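Structure first, commentary second.
The values are calculated or read from the model by the stated rules, or taken from the named source; none is laboratory data. Bear in mind the structure is a predicted one, so any value in this text is a computation, not a measurement. Because the Cβ atoms are built from the backbone with ideal geometry, glycine has one as well, and the counts that use them run over all protein chains shown.
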Amino acid sequence: MPRKTKVLVLVVVLAFSLNLSAQIWGPVEKLSNAGYPCQCDMGHSHTNTVVSDGDNVYVVWRDCRQNGGMVEEIYFNKSNDGGMNWIGDMPVSNLAAGGYSSAPAVAVSGPNVHVVWSELLGSTISTMEIFYRHSADGGANWDPLIQLTNNQVFTDSASIAVSGDTVHIAFPDKRTGDLELYYKVSYDNGANWEPDLQISNVAPDEAKFPSIAVGNGEVHIAYEISGIGGVSAYDTYFEATDPTQRTDKLLSSTGVLPCVASDGDNFHCVWVEKRSYPNDDEIYHMMFDGSNWGSKQLVTADQSLLYTSVSASGADVFAVFEDISALNTSDIKYIRSMDFGSTWGAESNLSNHPEESERPSIFFSGLDLHVVWCDNRNSGNFEIFYTGGVVRSWPMFHRDFRNTGRSPLVGVITSSSLTGSDLATNAPVNSSPALVDVD
């Protein structure tokens, strides 16, 4: 009789409803440590406040822990292992007593980290200026501060993007008496900057809340225009080599707070369209493929929505938003499209807490999703919170993310190992190898 030999085989038994391209979310973690009853926030979510490059994840926010809440600095935190551990928060701005900084944004390319924010230089809001700081070693050390504007007018909510050594910034400014958008670029990692270039010309309306993205040799700046006639969402795009030749695109005649992102090939923009009660607010998406804009697609709708953020890779588009539909609370919701934004899956509640959660930002890199927001679950103090997720697309192998207790998907998935929660849209799958007898 031939001898039986035990060999390892991979068997897959899947329930019909199992989603083979899901997200595994880790726990919610507090990144800041203000410990003071003041507003600790992310700025506006049309700008990136979380980015990553490989396993290095970077987060920035506004924090008022110093001098009894009288100093509001821009803080920074970093993870070297994909969000599993954090080195500890530190200020990147450098203010004296009574100073005020706000609206930070961050971008990364390799070891080069770039942070931009607004800073109040005097006693009135008209003295807000744009500041910038660069690190060439992943945030371990920082170059001196650079003041990018000096117009002694209101300047706020800058957005930043980077490609290689080229750093792109967009910001609103009242130097002409009206709030218009300006563009600034550095070709040497922020050491030197070209003169400001006015992007919009919408007076007497106001152009504000810019979101900038770069990819495939193009720069896109999405922004909101508001005035006596209402609000609208626009996108201005141009070749990175010639910002003077621009094309404008009306995204929505009722859109607010648009956010744009690029995966290197396509550009994706999301925004909120506010409706009068009892009609639901709606979030929409539109994609630019390098030549043409696609059609406007509905992402989701609910009674009251605000602050969207988007990231993408190929056909996958990921969005988060603030849902304030529930009474006396707000939640951070996540939603995903797997067909370039044409259709969208079910929502997931990431903050999942009865207190207020605000101003989310999302970034996708490799297989990892990174989401940050601020909320006041800690005794009324607004702090910064983070969760990370792994996008699993069969038969892609993935790591056991953030001590979830799930095995890497390298072996058998049996019907007995699938629980009811495993069949949910954003649930992981248990797996294990099996030994069988072979003649």
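Values computed for the structure shown
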read-out: The lone exception for residue 355 - which of (1) surrounded by fewer than 17 Cβ atoms within 10 Å (Cβ to Cβ); (2) under 18 Å from the mean Cα position of the chain (by Cα) it fails; value: (2)
read-out: Residues within segment 249-279 that are in a strand (DSSP E or B) and exposed (fewer than 15 other Cβ atoms within 10 Å of the Cβ), tallied; value: 1
read-out: Pairs where the first residue, in segment 134-146, is closer than 16 Å to residue 57 by Cβ and modelled with pLDDT of 95 or more and the second is in a loop (DSSP other than H, G, I, E, B) and of a type in the set (A, V, I, L, M, F, W, C), C-beta under 7 Å, 6+ apart; value: 135/142
read-out: Hey, residue 75 of a type in the set (Phe, Trp, Tyr), assigned to a loop (DSSP other than H, G, I, E, B) and either modelled with pLDDT of 60 or more or within 27 Å of residue 376 (Cβ to Cβ) (or both) or not; value: no
read-out: Residue in segment 138-150 that is surrounded by fewer than 24 Cβ atoms within 10 Å (Cβ to Cβ), part of a strand (DSSP E or B), touching a helix residue (DSSP H, G or I) at 6+ places or on another chain (Cβ under 7 Å) and of a type in the set (A, V, I, L, M, F, W, C) present; value: no
read-out: Segment 314-351, residues that are touching a strand residue (DSSP E or B) at 6+ places or on another chain (Cβ under 7 Å) and among the polar types (S, T, N, Q); value: 325, 330, 337, 342, 343, 348, 349, 351
read-out: Tally, over segment 151-172, of residues that are more than 25 Å from residue 262 (Cα to Cα) and surrounded by 22 or more Cβ atoms within 10 Å (Cβ to Cβ); value: 1
read-out: Any chance residue 203 is under 23 Å from residue 127 (Cα atoms), of a type in the set (A, V, I, L, M) and surrounded by fewer than 18 Cβ atoms within 10 Å (Cβ to Cβ); value: yes
read-out: Residues of segment 176-215 that turn out to be over 26 Å from residue 134 (Cα atoms) and assigned to a loop (DSSP other than H, G, I, E, B), as a count; value: 10
read-out: Selected residue (criterion: nearest to residue 216 (Cα to Cα)) from residues of segment 230-247 that are of a type in the set (D, E, K, R) and surrounded by 12 or more Cβ atoms within 10 Å (Cβ to Cβ); value: 239
read-out: Filter result for residue 25 (closer than 20 Å to residue 334 by Cα, at pLDDT below 95 and surrounded by 13 or more Cβ atoms within 10 Å (Cβ to Cβ)); value: yes
read-out: Residue count for segment 280-300, restricted to those that are closer than 19 Å to residue 347 by Cβ and modelled with pLDDT under 95; value: 2
read-out: Any hit, segment 291-298, residues being on the phi < 0 side of the Ramachandran plot, surrounded by fewer than 19 Cβ atoms within 10 Å (Cβ to Cβ), part of a loop (DSSP other than H, G, I, E, B) and touching a residue at least 24 places away in the same chain (Cβ under 8 Å); value: yes
